[in-house]
Every structure is written in structure tokens, then in C-alpha cells.
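Peer 1: Submitted below is the structure of interest, expressed as C-alpha cells.
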Amino acid sequence: MGCFQFLKFMMFAFNGIIFLAGVAILGVGIWVKVDSGSVLNFLGKIDNMPTELSQVLNVGYLLIAVGILLVIIGFLGCCGAMKESKCMLLLFFIIVLLIFIAEVAGAVVILVFRPLAEELFNKVGQAAVSNIKQDYGNNTDVTGLWNSTMSTFKCCGFYNSSDFKGSPYYKSHNNTFPPQCCLNSGSACTNGTITGCFPKIRKLIDDNTAAIVGVALGIAALELCAMAVSMILYCRIKSESV
């Protein structure tokens, strides 16, 4: 009986964390959709942006959906364990199992279609550079969004400072780059030394690949443990009710 109560407590605590994580992710998703100055909305306003990027721009909806799903899972796990509801525990097991299968399928798709992702990034880069050369310094919205992005991420252009050569800003400021492209922003920036936004973000991901993989494996292990515990509780409750 002590082991049974311990499993109930662990199930409640684990799913309580899932519930809170779902609320946090739901809040982030809503923020991404509401914040018109975010990078995602910024990329969506760039002319000639590849149509494939429309799926990436829906990340806000994805976060909202994931947040709602986690809230539901957390609720089912907590209530199913504390109320000893076989229906809730079984539903919890089925949902977590479907998520686990989807994660495995998604990992396979990412590995198989990785070259297509590289092609998409190249198209995004071409569109971003074209947008800078055409509108930066001439279009106040585009200029403001790029300035906000570069100031936030401490980067310069999409690839590097050369993206600004030939832009309206570059021509009207005696062939100088935006202040964000130089370490000393107090004087005219004639030689951009700051890394581009895309290489900086990509390096950040590459440097943390091991951590990302570790987190993914940890989540998969937790999902397997959660399914195992829910089935143990389900069978124990069933046996005790007979």
C-alpha cells in the first residue's frame, strides 16, 4: 500500500510540473502572436520571403496548442492519480503514447529532410538581404524592425555587415554601416565587425546541440516512465476494485 501511495504522489507531482509547464508555454505562445515586434512577425513582413516559411511563422499557434495539450495531460494525470480514476489514467496513457510516437516520427523527418531545411534557410537569407538592400534606411517600418532585431541579439544584418552595402542607408550616410554593426557605436561605422544575426543564432544552436539532444532524451525517458506509472496505477486500481 505504501508503494501505491508513493506512485500516486509521484504521478501527482510529475503532472503538476507538466501542468505548470503547459501554462508557461501557453503564455509564451500567446506572447509570440500578440507581440508584433517579434522576430517571427518581422520575417513575415519581408518581401519575397519563401512560402515555406509560413509554417515556421505559425510557431505561435504551435506553442499555444502544445501548452493546451500539456495542461490537459497534467490535469488528467493529477486527477487520475488522486481520484484513482481508471478512465483518466487510461486517457493520460493514450495521449502520452501518441505524443511519444509523434516525437519519434518528427525526429526521423528532421533527419531525412535536413537538406531541405538548409535550402529553406538559404532562401530566407536571400530574401532578407534583398529586403535590407532595398528598404533599409528608406522604409521606416523595415528600418525600425531591423534596428530592434540587431539591438536585441547584438548582431549586424542577416549574414554580416556587407548586407547593408548598396542600401538607402549606406548611400545616404557616406557609405557607412548602422551603429549596431560596430563595437564603438559613438562614431561612424565604416567597418562592420559584429557577427550577422543568422550565424550568431546558428552558432548558439550548434554550441548547445548536446544539451538539446540531452533534453530531448530526458523528455522521452520521462514520458516512458509516466506511461509505465499510469499503467501500474491503472492495473492496481482495477485489481483492488475486483
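Peer 1: Determine whether N138 is assigned to a helix (DSSP H, G or I) and either closer than 21 Å to V124 by Cβ or within 32 Å of the chain's Cα centre (by Cα) (or both).
Peer 2: It is false that N138 is assigned to a helix (DSSP H, G or I) and either closer than 21 Å to V124 by Cβ or within 32 Å of the chain's Cα centre (by Cα) (or both).
Peer 1: Restricting attention to region 150-171, which residues are part of a helix (DSSP H, G or I) and open to solvent by 20 Å² or more (accessible area, probe 1.4 Å)?
Peer 2: S151, T152, F153, S162, P168, Y169, Y170, K171
Peer 1: Looking at region 144-189 only, could you name the residues that are farther than 19 Å from A128 by Cα and touching a Pro at 6+ places or on another chain (Cβ under 7 Å)?
Peer 2: Scanning region 144-189 gives S185, C189.
Peer 1: So, of the residues in region 1-60 that are open to solvent by 60 Å² or more (accessible area, probe 1.4 Å) and of a type in the set (D, E), which turns out to be modelled with the highest pLDDT?
Peer 2: D47
Peer 1: Hey, does region 101-117 have a residue that's over 30 Å from A226 (Cα atoms), modelled with pLDDT under 80 and open to solvent by less than 80 Å² (accessible area, probe 1.4 Å)?
Peer 2: Yes, some residue in region 101-117 is over 30 Å from A226 (Cα atoms), modelled with pLDDT under 80 and open to solvent by less than 80 Å² (accessible area, probe 1.4 Å).
Peer 1: So, one more: Can you tell me how many residues within region 177-205 are within 17 Å of the chain's Cα centre (by Cα) and surrounded by 12 or more Cβ atoms within 10 Å (Cβ to Cβ)?
Peer 2: Residues flagged as within 17 Å of the chain's Cα centre (by Cα) and surrounded by 12 or more Cβ atoms within 10 Å (Cβ to Cβ) within region 177-205 amount to 5.
Peer 1: Picking from N208, N147, N174, N139, which residue would you name as being open to solvent by less than 80 Å² (accessible area, probe 1.4 Å), more than 30 Å from I101 (Cα to Cα) and out of contact with any helix residue (DSSP H, G or I) (no Cβ under 8 Å at 6 or more places or on another chain)? Walk me through how you get there before you give the answer.
Peer 2: Details: N208 fails: more than 30 Å from I101 (Cα to Cα); N147 fails: out of contact with any helix residue (DSSP H, G or I) (no Cβ under 8 Å at 6 or more places or on another chain); N174 fails: open to solvent by less than 80 Å² (accessible area, probe 1.4 Å).
Going through N208, N147, N174, N139 in turn, the sole match is N139.
Peer 1: Still on this structure, I have one more. Give the number of residues within region 75-90 that are assigned to a helix (DSSP H, G or I), open to solvent by 80 Å² or more (accessible area, probe 1.4 Å) and without any contact (Cβ under 8 Å) to a residue 40 or more places away in the chain.
Peer 2: Summing the residues that are assigned to a helix (DSSP H, G or I), open to solvent by 80 Å² or more (accessible area, probe 1.4 Å) and without any contact (Cβ under 8 Å) to a residue 40 or more places away in the chain in region 75-90 gives 1.
The values are calculated or read from the model by the stated rules, or taken from the named source; none is laboratory data. Predicted, not measured: the structure shown is a model, and the values here were computed from it. In this analysis, Cβ positions are derived from the backbone assuming ideal geometry, glycine residues included, and neighbour counts consider all displayed protein chains. We work out accessible area using only protein heavy atoms, side chains counted, and drop any ligands, DNA or RNA first. Shrake-Rupley method; radii C 1.70, N 1.55, O 1.52, S 1.80 Å.
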